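Just below is one structure, and these are the notes that go with it.
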Amino acid sequence: MPETIHYLDNSATTRPRPEVVAAMMSALTEDFGNPSSAHRLGIAAEKRIQEARAAVARLIGARPEEIHFTSGGTEAINTAIFGVARAYGRRGRHIITQATEHPATLEACRALAAGGFEVTILPVDRSGRVDPDQVARALRPDTILVTLMAVNNEIGTIQPVAEVGRLLRGRETLFHVDAVQAAGKLPLRVDEIGCHLLSLSGHKIHGPKGVGALYVRQGVRIAPLLYGGGQEEGLRSGTENVPGIVGLGTAAALALAELDQVPDRLRALKRRLLAGLAERGLEYVVNGPDPEEAAPHILNLSFRGVPRGEVLLHALEQQGVFVSTGSACHSRRQTLSHVLEALRLPPEQATGAIRVSLSPLTTEADIDAFVAAAAQAVPELRNLMR
Ligand SMILES: Cc1ncc(COP(=O)(O)O)c(C=O)c1O
């Protein structure tokens, strides 16, 4: 097993940055007070939280008081969806989403549908994109929520969220955006998107796992999932995860500081990868959107003659290169990804898919290692599987 790790599974999770770890360590060892305590240790912990809140707000162009910390992307999304359903369920019981959303969204919608809400799940085109005209046509007087992801975690489709935000302007329907995969990779401004709610996750931006944030536009009221001591303006009771929140804040500040170079740098790395594969004569297809139009950090590929992505994953792992099949977010299930299913790919292409996902810390050496590992593994597997 090679010593060096070439980690290209950044859409599953990212390695926390050293600055994040250091900030969390000081929150654990020095500022360990309960942020609700009146003494100076409590006040110091509360100050760390407020600094983090301001940093997260800056990343998305929001005000600090519009940011509410949660236990991750999944909880932020669930709070948004159930929060709207509980607060506005009397006004209407119709929700719109689309087929390639993360399970956090789809399963929350499914649970609401079982409880008497009506959910419209819009289809996507061959690139995984939802058509804003279809969103417009699906809208009804009783539509209380539209929930869409900014970037798909498996194939990197960028959804037209700002267009949808525009068409919802002036209506009573609330708009939630799952920005977990977009944050730190693409510029994100809540006023440009026109959303009322937006979800983020720490561990996708080189922060820690188990912490996320929900933006709630000033003036919008939603119901909480958790009841108790009333922390986070009553939206998320429970003593705050101070180290996690501090880690998320640090990661958000670092992500913002690099954001004007990151998309171009990642796009260049993606081009280098595809050019490398072509140079080695490897026959591949890109699943989902044109790589130039997709999010800069996600590439979903199938190689001709390699119908099993998990076999390729392990062959690459042998060479120190870490990727994923479909999506690693939801267990090691063997079923075909619902995202690739929605694209209606030929079966072999879908089962053979691997996802290569980059981050601001990815280097040219990582990309070259992937190309070299694929150049060795793919012909071997093709012969084996013939
Ligand atoms: C698009 C998207 N939304 C939501 C989530 C869930 O976030 P978390 O792992 O923080 O619960 C993920 C990743 O797992 C994701 O990729």
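The values are calculated or read from the model by the stated rules, or taken from the named source; none is laboratory data. Everything quoted here is computed from the prediction, not taken from an experiment. Methodologically, a virtual Cβ is constructed for each residue, glycine included, from the backbone with ideal geometry; neighbour enumeration extends over all protein chains shown. All accessible areas refer to the heavy atoms of the entire protein, side chains included, with ligands and DNA or RNA removed. Shrake-Rupley method; radii C 1.70, N 1.55, O 1.52, S 1.80 Å.
Here is the figure for the range 142-176: residues that are of a type in the set (S, T, N, Q), assigned to a loop (DSSP other than H, G, I, E, B) and closer than 18 Å to Thr120 by Cα total 2. Screening Arg221 with (1) basic (Lys, Arg); (2) touching a His at 6+ places or on another chain (Cβ under 9 Å); (3) more than 19 Å from Gly61 (Cα to Cα) gives one miss only, at (2).
Are any of the residues in the range 254-269 within 16 Å of the ligand (Cβ to nearest atom) and touching a residue at least 12 places away in the same chain (Cβ under 8 Å)? Among the residues of the range 254-269, at least one is within 16 Å of the ligand (Cβ to nearest atom) and touching a residue at least 12 places away in the same chain (Cβ under 8 Å), which makes the answer yes. Scanning the range 1-44 for residues that are closer than 20 Å to Leu254 by Cβ and either of a type in the set (Phe, Trp, Tyr) or assigned to a helix (DSSP H, G or I) (or both) yields a count of 12. The residues of the range 80-130 that are β-branched (Val, Ile, Thr) and assigned to a strand (DSSP E or B), listed by number, are Ile95, Ile96, Thr97, Val119, Thr120, Ile121. For Glu75, state whether it is within 15 Å of the ligand (Cβ to nearest atom), acidic (Asp, Glu) and part of a loop (DSSP other than H, G, I, E, B). No, not satisfied. Considering only the range 185-204, I want to know if a residue exists there that is open to solvent by 20 Å² or more (accessible area, probe 1.4 Å), part of a helix (DSSP H, G or I), out of contact with any Asp or Glu (no Cβ under 8 Å at 6 or more places or on another chain) and more than 10 Å from the ligand (Cβ to nearest atom). So far as the range 185-204 goes, yes, one or more of its residues are open to solvent by 20 Å² or more (accessible area, probe 1.4 Å), part of a helix (DSSP H, G or I), out of contact with any Asp or Glu (no Cβ under 8 Å at 6 or more places or on another chain) and more than 10 Å from the ligand (Cβ to nearest atom). Here Ser37 does not fit the description of being hydroxyl-bearing (Ser, Thr, Tyr) and under 21 Å from the mean Cα position of the chain (by Cα).
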